[in-house]
Amino acid sequence: MFALVCAAILPAHADEGMWLLQLMQEQHLTDRMKAQGLQLEADDIYNPHRISMKDAVGIFGGGCTGEIISPDGLILTNHHCGYGAIQQHSSVEHDYLTNGFWAKNRKEELATPGLKFRFVERIVDVTDKVNAKIKAGEIKEEEAFARPFLSKFAMEEYKASDLNGKPGISAQCLPFYAGNKFYLIYLKTYSDIRMVAAPPSSIGKFGGETDNWMWPRHTCDFSVFRIYADANGEPAEYSENNVPLKVKHHLAISLKGIQEGDYAMIMGFPGSTDRYLTQSEVKQRMTATNEPRILIRETRQAVLKKEMAASDKVRIQYASKYASSSNYWKNSIGMNKAIVDNKVLETKAEQEAKFAKFAQEKGNADYAKVVSQIDAIVEKSNPILYQYTCYNEILRNGIEFSTPSANLDSLRTALQQKDKAGIEKFTNRLKLAYAHVHNKDYDHEVDRKVAKALLPLYAQMVDAENLPSFYQTINDEFKGDYDAYVDNLYDNSIFSNDANFNKFIKKPTIKAIDKDPMKAFVASKYELADKVIEAYSTCMDGIDLLHKTYVRGLCEMYAPEPKAPDANFTIRLTYGNIKPYDPKDGVHYKYYTTLKGVMEKEDPTNPEFVVPAKLKELYESKDFGRYAMANGEMPACFLTTNDITGGNSGSPVINGEGELIGCAFDGNWESLSGDINFDNNLQRCIAVDIRYILFIIDKLGGCGHLIDEMTIVE
């Protein structure tokens with residue numbers, strides 16, 4: 001029954017949907033896409049048996065999308081997606097974050113350890129196989145959602161496939177439609193990725209926090225990398241002998257321009273949506289996740305911002321961390337506001353009332369009670385999720401300084417037993433751990449100040465009985481003086497500094513381990529984590545099966561209109577049009593911006609709105625070359641109605657002829673509730689115009705050789 005619902009014909013109006021490529025034909029997506037301007041066939045976009053557009057799009061790093069824009073493996077993605085790599089290569093002497101980076105030839109392209117690019121090699125429907133295991137009693141139904149089963153099953157399928165043993169191939173099995181469908185996805189991973197070009201942050205992050213999630217935008221949010229492979233074109237670790245990958249497919253680039261109403265589609269890897277939440281679950285997102293996250297990140301970011309402003313070294317060290325934190329701090333603020341402004345709770349209530357009527361008419365007892373069952377679990381889990389959010393934001397991710405307590409315990413045992421081999425083994429591990437803690441992107445004094453700000457905040461936000469045990473130490477031994485407690489941790493731990501660590505490693509003792517204050521802090525922290533995670537897991541027992549029932553019921557209720565599954569960082573297609581919007585009465589936003597807007601926003605006193613001198617020179621001389629609009633202006637960004645979310649950053653925006661017209665990088669403030677409830681009138685994708693990108697590469701970066709290797713259509 002579920003498969004039939006998924007195969008229904010599309011209604012006359014729908015931009016909502018992060019659609020599965022493998023269901024395009026069944027769901028007749030191209031019928032609607034062609035009506036809106038698509039000139040390609042479904043097989044041109046995705047074909048499991050031959051090369052298609054799918055082969056020019058991949059996962060960039062750990063959480064973004066990138067597209068191939070030349071036969072020699074050139075990757076285009078966002079500046080904020082490449083930001084970690086740009087920061088990784090930056091130093092006070094070579095400040096690529098501030099000044100940009102432009103490789104003038106391939107020898108200057110920088111190897112970036114740890115950065116990977118993954119293509120989708122194959123997608124296989126394994127729903128029947130998973131269901132057969134459930135029916136045969138090999139696994140319980142709820143176990144099909146769990147990582148242990150999914151990982152084991154994916155490995156079994158991989159070993160039995162013709163892809164077994166081929167370079168770079170891995171497999172993952174994931175549930176879709178809340179476990180009503182399962183797909184096995186084979187990925188091919190390349191690990192020699194080199195940085196090729198990145199504009200100065202004043203261009204790539206123009207507008208900074210102020211403009212983030214906002215329209216109008218004027219950010220040229222892009223960076224360029226290249227895939228290298230061995231002589232056979234197969235994935236290989238970095239080697240001087242590696243060569244640029246001769247890719248299966250790359251996207252041609254259009255300089256023909258855009259007009260309101262033009263067809264636009266995006267292919268990428270949206271990370272996570274929750275369109276099937278109940279009203280109670282939306283409220284939980286607001287109060288137990290977003291609200292504590294906003295307050296905690298705001299506090300931490302204030303410390304980081306002050307320290308970054310005072311030191312170029314710290315600014316470079318913490319640039320990527322700050323940007324990552326700030327992005328979803330502001331997203332959480334905007335989401336809570338949009339949920340209220342867009343009446344999402346009311347919409348969810350209406351849907352649940354409609355579903356209750358549908359369940360009654362259908363006579364389905366499971367459907368009739370499923371929402372109330374979900375609501376009961378949510379009510380019980382609310383305070384625990386709030387605690388878990390506070391733990392994650394402060395103790396897990398906010399304060400970086402730590403000790404490897406398990407290794408210290410193992411070393412203590414080895415010392416007690418006078419086990420020379422064990423002592424050597426674990427002292428070596430501690431050396432590696434110390435280097436990991438005190439890495440080039442960590443500043444002990446900055447983190448000390450973060451801890452002094454966050455630990456008192458934790459005590460204010462969480463009831464005393466739910467605090468980790470080290471708070472008792474603060475009260476008893478330090479008389480409630482948080483600063484003194486933190487100073488003790490940061491000054492007197494084995495891991496505090498080189499002097500302490502080297503003294504200990506030279507002659508490790510049980511006494512020193514037992515006295516280490518940070519070890520006690522970490523043990524207390526993990527004890528709390530175990531308690532909260534166990535409590536939350538117990539509360540949420542059964543929720544997956546309830547969601548499976550609810551999603552199946554909603555798909556039946558909305559038939560013959562198909563519903564797209566929630567995003568889970570797998571390849572998706574979204575289609576729409578280039579379109580302006582009216583966020584409120586009396587306000588109308590055009591569908592595009594120009595370089596003129598950059599100049600109008602310039603504020604030399606605000607680092608978010610600095611304009612590089614060379615860009616001003618190019619603007620004043622109107623030296624836009626072939627990248628200008630018909631009226632002579634330089635385009636900057638534009639809007640589409642495409643349905644995107646985090647993970648789509650860097651995704652190609654493609655016209656009806658299959659040509660690249662832009663690079664998606666953001667959503668608009670008014671629709672930040674879109675991950676939960678899509679609003680066709682307000683939802684917009686913000687993209688940087690490909691002409692602005694090429695203009696910056698060519699005219700400002702002086703990298704005409706990169707332009708020459710692209711396929712450009714005028």
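Once every DSSP H run of n ≥ 4 in the chain is given -39500 (n - 2.57) and the sum is divided by its residues, what mean residue ellipticity at 222 nm do you get, rounded to the nearest 500 deg cm²/dmol?
-13500 deg cm²/dmol
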* Would you mind counting up the charge near P48? Only other residues with Cβ under 15 Å from its Cβ, with Lys and Arg at +1 and Asp and Glu at -1. => -3
* At a Förster radius of 51 Å, what calculated FRET efficiency corresponds to the Cβ-Cβ distance of S537 and K596, to the nearest 0.05? -> 0.40
* Asked: By the gyration tensor of its Cα atoms, with a ≥ b ≥ c the square roots of the eigenvalues, what is the shape of segment 294-396: rounded for a/c under 1.5, prolate for a/b over b/c, or oblate?
  -> prolate
* At A559 and D530, where each label point lies 7 Å from the Cα along Cα→Cβ, what is the point-to-point distance in nanometres? -> 4.9
* Asked: Residue separation times 0.36 nm, minus the C-alpha to C-alpha distance between Q472 and E234: what's the value?
  -> 80.0 nm
* **Net charge of neighbours whose Cβ lies under 14 Å from the Cβ of A319, counting Lys and Arg as +1 and Asp and Glu as -1** => -1
* Asked: Loop-only check: which trypsin sites (Lys or Arg not before Pro) in segment 226-286 are DSSP coil with at most 16 other Cβ within 10 angstrom?
  -> K246, K248, K256
* Structure fact -> Within the chain, excluding any chymotrypsin sites (Phe, Trp or Tyr not before Pro) found in a DSSP loop (not H, G, I, E or B) and having at most 16 other Cβ atoms within 10 Å, the longest uninterrupted segment runs 1-237
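Averaged per residue, what accessible surface does the chain expose to a 1.4 Å probe, in Å²?
Counting only protein heavy atoms, the per-residue value for the chain is 42 Å².
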* Structure fact -> DSSP beta bridges in the chain: the antiparallel percent, rounded to 5, is 95
* FRET efficiency estimate (nearest 0.05) - Cβ-Cβ, A421 to V92, R0 41 angstrom -> 0.45
* **Directionally averaged shadow of the chain, computed from the convex hull of its alpha-carbon atoms, nm²** => 33.6
* Label-point separation (nm) for E709 and K306, each offset 7 Å from Cα along Cα-to-Cβ? -> 4.7
* How much FRET efficiency would the formula 1/(1 + (r/R0)^6) give for E108 and E361, where r is the Cβ-Cβ distance and R0 is 56 Å, rounded to 0.05? -> 0.25
* In percent, what relative contact order does the chain have, based on Cα pairs under 8 Å that are 6 or more apart in sequence? -> 25
* Asked: What's the local net charge at N397, with K and R +1, D and E -1, over the other residues with C-beta under 15 Å away?
  -> +1
* Hey, what do the phi angles of segment 592-600 turn into as Karplus ³J(HN,Hα) couplings, whole Hz, using 6.51/-1.76/1.60 and θ = phi - 60°, x for Gly and Pro? -> 8, 10, 10, 4, 4, x, 4, 5, 6
* Asked: Could you give the distance between the Cα centres of segment 238-291 and segment 321-383, to the whole Å?
  -> 23
* How much length is gained on full extension from N502 to L255, taking 0.36 nm per residue of separation minus their Cα-Cα distance? -> 82.9 nm
* **Stretch gain in nm, segment K129-L432, where the contour uses 0.36 nm per residue and the Cα spacing is subtracted** => 104.7 nm
* Determine the shape class of segment 544-677: with a ≥ b ≥ c the square roots of the Cα gyration tensor eigenvalues, call it rounded for a/c under 1.5, and otherwise prolate if a/b is greater than b/c, oblate otherwise. => prolate
* Asked: Can you run phi through the Karplus equation (6.51, -1.76, 1.60; θ = phi - 60°) for segment 122-129 and list ³J(HN,Hα) in whole Hz, with x for Gly and Pro?
  -> 6, 10, 10, 6, 10, 4, 4, 5
* Shape category assigned to segment 457-544 from the gyration tensor of Cα positions, a/c cut at 1.5 -> oblate
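DSSP loop (so not H, G, I, E, B), at most 12 other Cβ within 10 Å: list which trypsin sites (Lys or Arg not before Pro) in segment 578-640 pass both filters.
K584, K622
The values are calculated or read from the model by the stated rules, or taken from the named source; none is laboratory data. Predicted model only: the values in this text are computed from it and were never measured. Neighbour counts run over all protein chains shown; Cβ positions are idealised from the backbone, glycine included. Just so you know, the surface numbers come from the protein's heavy atoms only, side chains and all, with ligands and any DNA or RNA stripped out. Shrake-Rupley method; radii C 1.70, N 1.55, O 1.52, S 1.80 Å.
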